[in-house]
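The values are calculated or read from the model by the stated rules, or taken from the named source; none is laboratory data. All values reported here derive from a predicted model rather than from experimental measurement. All Cβ positions, even for glycine, are placed from backbone atoms using ideal geometry, and neighbour counts span all protein chains on display. With ligands, DNA and RNA removed, areas are computed over all heavy atoms of the protein, side chains included. Shrake-Rupley method; radii C 1.70, N 1.55, O 1.52, S 1.80 Å.
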Amino acid sequence: MTDPSPRSGLRSWFSSNGRLEFCITLASVTLLTGACVALILVPRNVGPLQLATDEAEVLDTSEGTDNPRLSPVRRDLQPYGPILVREVAESEALLVAHPSHRADLDALEHQLGPAISDVSAVWGTDWNRAPVVVVASTSAEFTALTRSAGSTGADVAAVSLTGSYVPGTEPADQRIVFNPDARRRVGDEGLATLLRHELTHVATRADTIDGAPLWMVEGFAEYVAQRDQATTFSQIAPTLTTRLRAGTLPADLVSDADFTGVDAAYAYESAWSVCAFLADHYGTTALTTLYKRLATGPQSPAAQDAAFTAVLGTSRAELVDGWRAWLRGRAV
Ligand SMILES: [Zn+2]
């Protein structure tokens with residue numbers, strides 16, 4: 001992400017694509033709990049009086065400020081001013097924003113419950129459905145809160161911080177951070193789409209090991225985010241649609257490198273379309289099974305072939321042919 005050219009590509013894509021978002025999944029991030037432990041071990045001040053001021057003031061809350069899950073968030077947000085806190089009904093999810101983003105908090109409060117249900121409809125309910133969702137008030141705050149993800153900057157709309165995953169353990173803290181401009185840029189529906197996308201990363205984190213193919217990881221998240229919405233193919237995938245209308249069909253599944261280059265928009269859309277095709281042709285259960293198989297870490301071409309055969313009963317070539325034929329019917 002140090003090369004400025006991909007950045008500008010992402011920026012233009014983000015600006016031109018109202019419904020979609022660019023998100024970064026933290027495939028490998030510093031554990032948030034690790035950061036919090038560091039804060040506890042090396043307090044800037046000692047003594048109960050000073051410690052109290054190390055946490056952001058809570059101006060308005062639907063949840064008691066004694067909720068232990070709130071303390072790490074209050075510490076991280078303390079430099080950026082007072083906060084508002086909501087606990088979402090029927091879930092222990094926490095929403096946090098500063099007063100300048102009260103409208104975003106209101107929108108997310110309405111969206112979070114349905115979004116959790118939408119993700120569970122595909123993935124099942126066996127996941128931590130109580131993330132902490134934070135809306136940053138400034139770019140500086142967003143950058144600070146997501147620095148551990150190895151991102152980012154103003155181009156990124158949201159980041160899910162779920163920590164590095166150790167097989168056999170639960171991912172630690174699970175937090176989604178929104179860019180302060182996200183809702184302004186993509187609107188309420190776009191915000192809900194972003195939320196479903198990031199929640200899918202949270203839901204799948206326990207089954208996702210760093211290095212898994214991004215076409216599967218990002219395509220699946222975007223498939224869940226876009227599923228059953230009143231959006232058309234060309235609205236979801238404008239870059240892909242343009243290429244299809246020009247007569248250019250994908251030659252293969254997108255590579256991981258494509259997700260960080262100038263073609264990042266196309267990579268996300270292409271990955272979404274593969275997963276949409278798989279769900280359409282083989283069903284969402286097969287798609288989810290394939291995800292669980294391929295998300296277990298880096299996959300060689302041979303390993304991917306074996307997964308396609310085992311889960312779908314098809315070869316990679318047949319899968320790509322089927323996907324291309326499916327795309328042909330949508331390039332209108
Ligand atoms: Zn993502």
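Given the options V224, S255, T208, identify the residue whose Cα lies farthest towards the positive end of the charge dipole of segment 189-261 (+1 on Cβ of Lys, Arg; -1 on Cβ of Asp, Glu).
About the Cα centre, the residue reaching furthest to the positive side is V224.
Per-residue HN-Hα couplings for segment 81-92, Karplus 6.51 cos²θ - 1.76 cosθ + 1.60 at θ = phi - 60°, whole Hz, x for Gly and Pro?
3J(HN,Hα) across segment 81-92, in whole Hz: x, x, 10, 10, 9, 10, 10, 7, 4, 6, 7, 9.
Could you sort the peptides 288-298, 268-278, 131-141 by per-residue average Cβ neighbour count (10 Å cutoff), highest mean leading?
Working: 288-298: 18.3, 268-278: 25.3, 131-141: 22.2.
In descending order of packing, they fall as 268-278, 131-141, 288-298.
Please find the FRET efficiency linking H281 to T65, where r is the Cβ-Cβ separation and R0 is fixed at 56 Å, and quote it to the nearest 0.05. Please report the intermediate quantities before stating the final value.
Working: r = 50 Å, r/R0 = 0.89.
After rounding to 0.05, the efficiency reads 0.65.
Give the accessible surface of segment 211-332 per residue, rounded to a whole number of Å², with probe radius 1.4 Å and ligands, DNA and RNA excluded.
Details: 4990 Å² over 122 residues.
In whole numbers, segment 211-332 has 41 Å² accessible per residue.
Starting from 0.36 nm per residue, how many nanometres of slack lie between A317 and S117 once their C-alpha separation is accounted for?
Gain in length upon complete extension: 68.5 nm.
Rg (Å, one decimal) plus Dmax (Å, integer) for the alpha carbons of segment 211-332?
13.4, 37
Could you tally the net charge around T125, taking each other residue with its Cβ under 13 Å from the Cβ of T125, Lys/Arg +1 and Asp/Glu -1? Walk me through the intermediate numbers first.
Values: positive: R129; negative: E90, D118, D126.
Net charge in that neighbourhood comes out at -2.
Mind checking which of Q111, W123, L94 is farthest towards the positive end of segment 73-123's charge dipole, using Cβ charges of +1 (Lys, Arg) and -1 (Asp, Glu) about the Cα centre?
L94
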